[in-house]
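Okay, so here's the structure we're looking at.
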4 protein chains.
Amino acid sequence: MAKLFYRYAAMNSGKSTQLLQIANNYETMGKAVQLYTATIDDRYGVGKITSRLNIQRDALTYDDSFDFLAQDYQGIACVLIDEAQFLTSEQAQQLHRLAHTRHVPVICFGLRSDFKGEPFPGAAWLLSLAEDIEEIKTICACGRKATMHIRVDGQGQRIKEGPQVDIGDDTRYHAVCAKCFYQGHAREDTP
Amino acid sequence: MAKLFYRYAAMNSGKSTQLLQIANNYETMGKAVQLYTATIDDRYGVGKITSRLNIQRDALTYDDSFDFLAQDYQGIACVLIDEAQFLTSEQAQQLHRLAHTRHVPVICFGLRSDFKGEPFPGAAWLLSLAEDIEEIKTICACGRKATMHIRVDGQGQRIKEGPQVDIGDDTRYHAVCAKCFYQGHAREDTP
Amino acid sequence: MAKLFYRYAAMNSGKSTQLLQIANNYETMGKAVQLYTATIDDRYGVGKITSRLNIQRDALTYDDSFDFLAQDYQGIACVLIDEAQFLTSEQAQQLHRLAHTRHVPVICFGLRSDFKGEPFPGAAWLLSLAEDIEEIKTICACGRKATMHIRVDGQGQRIKEGPQVDIGDDTRYHAVCAKCFYQGHAREDTP
Amino acid sequence: MAKLFYRYAAMNSGKSTQLLQIANNYETMGKAVQLYTATIDDRYGVGKITSRLNIQRDALTYDDSFDFLAQDYQGIACVLIDEAQFLTSEQAQQLHRLAHTRHVPVICFGLRSDFKGEPFPGAAWLLSLAEDIEEIKTICACGRKATMHIRVDGQGQRIKEGPQVDIGDDTRYHAVCAKCFYQGHAREDTP
């Protein structure tokens, strides 16, 4: 029985590495996978899934108008979605329906909350619908598990206002634990 | 280090039983707990946490205007919240902040999505912020894991429109797996 | 597809409560379950599964010579085993085979290690074979998660030698975290 | 608080990839890690941790006589152990004690059971002691989750007898689900 999986994590935890490993596991067994990433994420080029271990693969891309149910999954054993926090709530529902009405497992990798501590809408829907939720863990500079993010400016000063999505250099974001998030990392007050 | 926990499940899985067991575990060790449930849930009386195994305890109640950060947690080793899907998004944030700035573990029990398959806002926030997420499992009539709900009318016919919250007799809701949800349980078409 | 589940925990965490809740969930849906507990555990009478929340049910019993594959599971939707640390390694294999060749889900509840920090053989096999492993959490007196046990004598002094199994009053055992276990709880040296 | 982690999986699931990713996560934050693998595993050379994604790093090695408590962990933020099923039960205890008395997190990656369905002793101890257990999932050829292994000879015929450890070409082992394991994969009878 196909399911919807959500693998969530803070930034810089190795989500893309796990995605590429799972793709490799399927392919080693002679099964085909379909990879997707968000058009908006152009950090390493559009349509690239890039691991921190210096592995990269091409992927199809989705923007807000993309309809996952309108695609052909003939012969596909698994759909793998990177940067899933950029899915719309409608797309999250499409992927859930894809798993359960067309019997293709869908494994999504993404964040949960933004630099203000607010949920990404697509991620909130995936967390509400997925049959299988797991965390990919990484650590805060203090040694605790990182679950939140902070955004910093060019001088390393924490920024607390601004749009939810601002694709930029990875150094603009730090993954932090909740305690550091509230204490005001980067010499800032509690948000 | 205190954390925010979310224990999610479909209806009729035994969430309240686990909550009452954890309260008992703390109290057996001489530690005090604070119990809360939603004012709106009056199925067994207001301010009652009631297990399917016929155990019941009094609890404090919260409605949408309740401020969890304005309460006194002196001497409290753990805060336990039932029916947490009725929390507002602001209250979910308060409970996260409570755990991390005042160092009281907060364990919330609740649903994820409603009878239309849409997230409860408070639950979506808890899923996005909690450091520890676990599922309390139960089964669909078909034998698969139940993760969704359907609402039925007095004649057992499935209802697909209406307000998200409609407290009523437990027989008005069935916990189902996603496959049965989409196939249209109760002799209905796919929603 | 039926699976073997292991729900492990330290003592006094509420394992039997969860077992009885799952039995209730199945029965509410009109499905029959088969309950087993260890003959050797006579704390509340032989053949009784007793929850710390004062709920009790009768169960079939197994001793070391019991053969789970020789039983009839006609009409049984789920087999639930309490005190599963007392299973022999052979019985753990029988239960795994039962799930996969006769398609009956088997859910076992038990400890992992004894008061010397050594695995119970049956538990070690269940942990090695089960398709689904989950921890039922409880806390040490220090507030951390309890994962180990210590045995004390009538004066509350820690005992570090003796047979693995010594059924007795619950007050003879404390569930502790690993740090307290090694530091020598009960004013004792490191084991 | 440091903990002992066990990340278990069937063969060919990508354990080494995750280990190398975690090492990278720590090092990106300016923290040092200590890597170990089993001397006996010489598939890619002794003292090499090799990912299926073609990444390789040097590691220290352990054989049965190695004493983990006799090493110096000054300045080490995390100890990462590959092929942990080859640890002795004594070494598993050393690593648990290392985490809790010297406060170094220890993350072990390994199998659970061998081609006969019997636990690896070191793995059974890790599963019994670890504070944090997670499965790295991969699939059987039939599409279900793989949790067991079979060994085949040069002609692809299943072998059911022989020593537990027989390091060889990866093609000598297949990761399978329990149902295929008992049904007798590779045209064989039920074991």
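The values are calculated or read from the model by the stated rules, or taken from the named source; none is laboratory data. Note that this is a predicted model, so its numbers are computed, not measured. Note that each Cβ is placed from the backbone with ideal geometry, even for glycine, and that neighbours are counted across all protein chains shown.
Residue under question is C:Lys179, and the condition is that it be touching a Lys or Arg at 6+ places or on another chain (Cβ under 6 Å) and surrounded by 15 or more Cβ atoms within 10 Å (Cβ to Cβ); does it hold? Give the steps one after another, and end with the answer.
On the way: touching a Lys or Arg at 6+ places or on another chain (Cβ under 6 Å): no; surrounded by 15 or more Cβ atoms within 10 Å (Cβ to Cβ): yes.
It is false that C:Lys179 is touching a Lys or Arg at 6+ places or on another chain (Cβ under 6 Å) and surrounded by 15 or more Cβ atoms within 10 Å (Cβ to Cβ).
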Seminar exercise, completed: Those residues of segment B:143-158 which are within 28 Å of B:Glu90 (Cα to Cα) and either at the interface with chain A (Cβ under 9 Å from one of its Cβ atoms) or among the basic types (Lys, Arg) (or both) amount to B:Thr147, B:Met148, B:Arg151
Exercise. Is it true that some residue in segment D:62-75 is touching a residue at least 12 places away in the same chain (Cβ under 8 Å), more than 23 Å from A:Gly14 (Cα to Cα) and either in contact with an Asp or Glu (Cβ under 8 Å, 6 or more places away or on another chain) or of a type in the set (Val, Ile, Thr) (or both)?
Worked result: no
Seminar exercise, completed: Considering residues that are within 11 Å of chain C (Cβ to nearest Cβ) and either assigned to a strand (DSSP E or B) or over 16 Å from the mean Cα position of the chain (by Cα) (or both), the number found within segment B:8-22 is 0
For this session: Report the residue count in segment C:37-52 for those that are of a type in the set (Gly, Ala, Ser), free of Cβ contacts under 8 Å to residues at least 24 places away in the same chain and closer than 19 Å to C:Ile107 by Cβ.
Result: 1
Problem set entry | Odd one out for B:Phe181 among (1) of a type in the set (A, V, I, L, M, F, W, C); (2) in contact with a Gly (Cβ under 7 Å, 6 or more places away or on another chain); (3) farther than 26 Å from C:Pro105 by Cα | (3)
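For every residue, the table says whether it meets (1) at pLDDT below 95; (2) surrounded by fewer than 19 Cβ atoms within 10 Å (Cβ to Cβ); (3) over 12 Å from the mean Cα position of the chain (by Cα); (4) assigned to a loop (DSSP other than H, G, I, E, B).
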residue: C:Asp41; (1), (2), (3), (4): yes, no, no, yes
residue: C:Val46; (1), (2), (3), (4): yes, yes, yes, yes
residue: C:Arg52; (1), (2), (3), (4): yes, yes, yes, yes
residue: C:Leu69; (1), (2), (3), (4): no, yes, yes, no
residue: C:Tyr73; (1), (2), (3), (4): no, yes, yes, yes
residue: C:Val79; (1), (2), (3), (4): no, no, yes, no
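With the structure loaded, tell me whether B:Gln34 is surrounded by 18 or more Cβ atoms within 10 Å (Cβ to Cβ), within 14 Å of chain C (Cβ to nearest Cβ) and either in a helix (DSSP H, G or I) or modelled with pLDDT of 95 or more (or both) or whether it fails that test.
Details: surrounded by 18 or more Cβ atoms within 10 Å (Cβ to Cβ): yes; within 14 Å of chain C (Cβ to nearest Cβ): no; either in a helix (DSSP H, G or I) or modelled with pLDDT of 95 or more (or both): yes.
Answer is no for this residue.
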Seminar exercise, completed: Selection from segment A:112-123 of residues within 22 Å of A:His174 (Cβ to Cβ) and either free of Cβ contacts under 8 Å to residues at least 60 places away in the same chain or within 11 Å of the chain's Cα centre (by Cα) (or both) yields A:Arg112, A:Ser113, A:Asp114, A:Phe115, A:Glu118, A:Pro119, A:Phe120, A:Ala123
Exercise. In segment C:54-67, which residue that is under 17 Å from the mean Cα position of the chain (by Cα) and exposed (fewer than 13 other Cβ atoms within 10 Å of the Cβ) is farthest from B:Asn25 (Cα to Cα)?
Worked result: C:Asp63
Exercise. If a residue has to be touching a Leu at 6+ places or on another chain (Cβ under 9 Å), over 21 Å from A:Pro105 (Cβ atoms) and of a type outside the set (Phe, Trp, Tyr) to count, how many in segment A:116-160 make the cut?
Worked result: 7
Exercise. Can you tell me which residues in segment D:83-114 are away from chain C (no Cβ under 13 Å), crowded, with 22+ Cβ neighbours inside 10 Å and in a loop (DSSP other than H, G, I, E, B)?
Worked result: D:Glu83, D:Leu87
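Give the number of residues within segment D:8-21 that are in contact (Cβ under 8 Å) with a residue 60 or more places away in the chain, of a type in the set (A, V, I, L, M, F, W, C) and buried (at least 22 other Cβ atoms within 10 Å of the Cβ). Steps first, please.
Taking segment D:8-21 and keeping what is in contact (Cβ under 8 Å) with a residue 60 or more places away in the chain, we get D:8-16, D:18-19.
Now drop any that are not of a type in the set (A, V, I, L, M, F, W, C), which leaves D:9-11, D:19.
Right, trim to buried (at least 22 other Cβ atoms within 10 Å of the Cβ) and you get D:10, D:19.
Total meeting the criteria: 2.
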Problem set entry | Matching residues in segment D:121-142 - criterion: being more than 7 Å from chain C (Cβ to nearest Cβ), surrounded by fewer than 22 Cβ atoms within 10 Å (Cβ to Cβ), among the hydrophobic types (A, V, I, L, M, F, W, C) and in contact with a helix residue (DSSP H, G or I) (Cβ under 7 Å, 6 or more places away or on another chain) | D:Ile136, D:Cys140, D:Cys142
Problem set entry | Pairs where the first residue, in segment D:178-191, is under 13 Å from D:Ile159 (Cβ atoms) and the second is part of a loop (DSSP other than H, G, I, E, B) and modelled with pLDDT of 95 or more, C-beta under 8 Å, 6+ apart | D:Pro191/D:Lys116; D:Pro191/D:Gly117
